[in-house]
1. Say whether the condition of being open to solvent by less than 50 Å² (accessible area, probe 1.4 Å), farther than 18 Å from A:S94 by Cβ and modelled with pLDDT under 95 is met by at least one residue in the range B:75-85.
2. Whether any residue in the range B:50-65 is at pLDDT below 95, in contact with a Gly (Cβ under 9 Å, 6 or more places away or on another chain) and exposed (fewer than 14 other Cβ atoms within 10 Å of the Cβ) is what I want to check.
3. For B:S47, indicate whether it is out of contact with any helix residue (DSSP H, G or I) (no Cβ under 7 Å at 6 or more places or on another chain), away from every other protein chain (no Cβ under 14 Å) and free of Cβ contacts under 8 Å to residues at least 40 places away in the same chain.
4. What is the number of the single condition among (1) crowded, with 17+ Cβ neighbours inside 10 Å; (2) closer than 21 Å to B:P87 by Cβ; (3) among the aliphatic types (A, V, I, L, M) that A:L16 does not meet?
5. Can you report the number of residues in the range A:26-42 which are more than 10 Å from chain B (Cβ to nearest Cβ) and under 10 Å from the mean Cα position of the chain (by Cα)?
6. Hey, among the residues in the range B:87-114 that are under 15 Å from A:I101 (Cα atoms) and of a type in the set (S, T, N, Q), which one's surrounded by the fewest Cβ atoms within 10 Å (Cβ to Cβ)?
7. What's the number of the only condition in (1) aliphatic (A, V, I, L, M); (2) at pLDDT below 95; (3) under 20 Å from A:S98 (Cα atoms) that B:M1 fails to meet?
8. Under the condition of being within 14 Å of chain A (Cβ to nearest Cβ) and among the charged types (D, E, K, R), which residue from the range B:1-44 is least open to solvent (accessible area, probe 1.4 Å)?
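The values are calculated or read from the model by the stated rules, or taken from the named source; none is laboratory data. A quick note: this is a predicted structure, and the numbers were derived from the prediction, not measured. Methodologically, a virtual Cβ is constructed for each residue, glycine included, from the backbone with ideal geometry; neighbour enumeration extends over all protein chains shown. Accessible surface is based on the protein model in full, side chains and every heavy atom, while ligands, DNA and RNA are left aside. Shrake-Rupley method; radii C 1.70, N 1.55, O 1.52, S 1.80 Å.
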Amino acid sequence: MSEVIELTMPVDPDLLMVVRFTAAAIAARAEFDLEEVEDLRLAVDELCVSLIRNRDGGRLALCFTRDDDQVDVTCRFVPNASDPPKREALDELSLSLSLQIIDALVDEHGLGGPDDPETSWLRKRRAHATA
Amino acid sequence: MAEQDFEVREHSHAELEVISVVGEIDLATAPQLRTVLDRVLDAGAVSLIVDLSGTTFIDSTALGVLIGAWKRTQNEGRSMSVVASDPRILRVFEITGLTDLFPLHGTLDEAMAS
């Protein structure tokens with residue numbers, strides 16, 4: 001049975017610690033092993049960082065869905081309606097590093113596609129999932 | 001929040017500067033590390049060791065700061081190495097191929113002797 005946990009917070013780098021803690025707790029509930037817990041913790045951090053790097057203002061909406069043998073995470077940047085934040089030039093090096101890290105740690109991911117550049121997602125399966 | 005447990009310590013040994021980072025280096029704390037690295041390089045450090053022995057987390061932001069400092073040392077004829085032994089930290093270097101870029105050492109003594 002799926003378990004859905006949603007987390008919404010202001011765009012504030014100091015709050016990434018909360019995101020990492022939440023990701024690790026959900027990975028543990030999904031019975032991931034220690035390495036997989038660390039993988040999800042870092043991958044979700046990178047997912048958020050890729051969306052909020054060089055941002056000022058707005059909110060970040062995360063949805064964690066835990067199934068029997070996998071965790072799906074969707075992360076969406078929501079600008080303030082009254083004051084749409086402008087984004088400074090993207091740091092290509094950091095973005096490339098984020099992609100490399102996420103790619104190595106999860107089974108599937110999609111970062112800010114052309115249809116919805118403000119939403120990224122990932123899926124991580126448990127290595128020794130029960131049939 | 002993350003900054004509560006974050007600290008960047010500096011130790012000078014002649015022209016060698018050792019920068020030790022305690023805690024998590026992420027989007028919130030990486031600017032502090034960048035500031036310290038810029039300052040010691042501005043002050044003329046010839047050799048730089050970034051000691052991540054006390055570091056419990058790094059992400060792409062941390063790597064970006066280290067790469068920036070490393071590029072500067074290379075352009076200016078200086079040296080820089082990194083100390084890391086925690087498998088979680090080493091894994092991030094390995095994933096991104098940076099083990100081929102930075103001289104990486106398991107201990108500070110090893111780095112200082114090299």
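1. No, because not a single residue in the range B:75-85 is open to solvent by less than 50 Å² (accessible area, probe 1.4 Å), farther than 18 Å from A:S94 by Cβ and modelled with pLDDT under 95.
2. Scanning the range B:50-65, I find no residue that is at pLDDT below 95, in contact with a Gly (Cβ under 9 Å, 6 or more places away or on another chain) and exposed (fewer than 14 other Cβ atoms within 10 Å of the Cβ), so the answer is no.
3. yes
4. Result: A:L16 fails condition (2) only.
5. 1
6. B:T99
7. Every listed condition holds for B:M1 apart from (3).
8. Filtering the range B:1-44 down to residues within 14 Å of chain A (Cβ to nearest Cβ) leaves B:1-6, B:23-34.
Those still in the list that are among the charged types (D, E, K, R) too: B:3, B:5, B:24, B:26, B:34.
Details: B:E3: 87, B:D5: 106, B:E24: 31, B:D26: 0, B:R34: 108 Å².
Ranking the candidates gives B:D26 first.
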